[in-house]
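A.B. asks: The following block contains the structure, expressed as structure tokens.
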């Protein structure tokens, strides 16, 4: 079972690491929201909502993501 969980975690990493060599991850279990930051501080100047994901930009650079409803998206309990 632990192997399955590690595989689910590692699968998206190549795509994320292409955006930044540093990734800060925060998860709010009560709100079921995942926050990914590619720059600290983010200092986003613009945001764009697409479905249940908010893309945060500083000028033209993607500096973070907010993913709402993570449990349902991943179909986990």
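The numbers here are math on the coordinates, done by the rules we state, and not lab data. Values in this document were obtained by computation on a predicted structure and should not be read as measured data. Backbone-built Cβ (ideal geometry, glycine too); neighbour counts: all protein chains shown.
A.B. asks: Once the convex hull of the C-alpha atoms of the chain is built, how many Å³ does it hold per residue, rounded to a whole number?
C.D. replies: It is 106 Å³ per residue.
A.B. asks: May I pose another question? Do the sum for the chain: with -39,500 (n - 2.57) for every DSSP H run of n ≥ 4, divided by all residues, what is the mean residue ellipticity at 222 nm, to the nearest 500 deg cm²/dmol?
C.D. replies: -7000 deg cm²/dmol
A.B. asks: Simple spin-label model, 7 Å along Cα-to-Cβ: residue 16 to residue 60 in nm?
C.D. replies: With each label placed 7 Å out from Cα toward Cβ, I get 2.6 nm.
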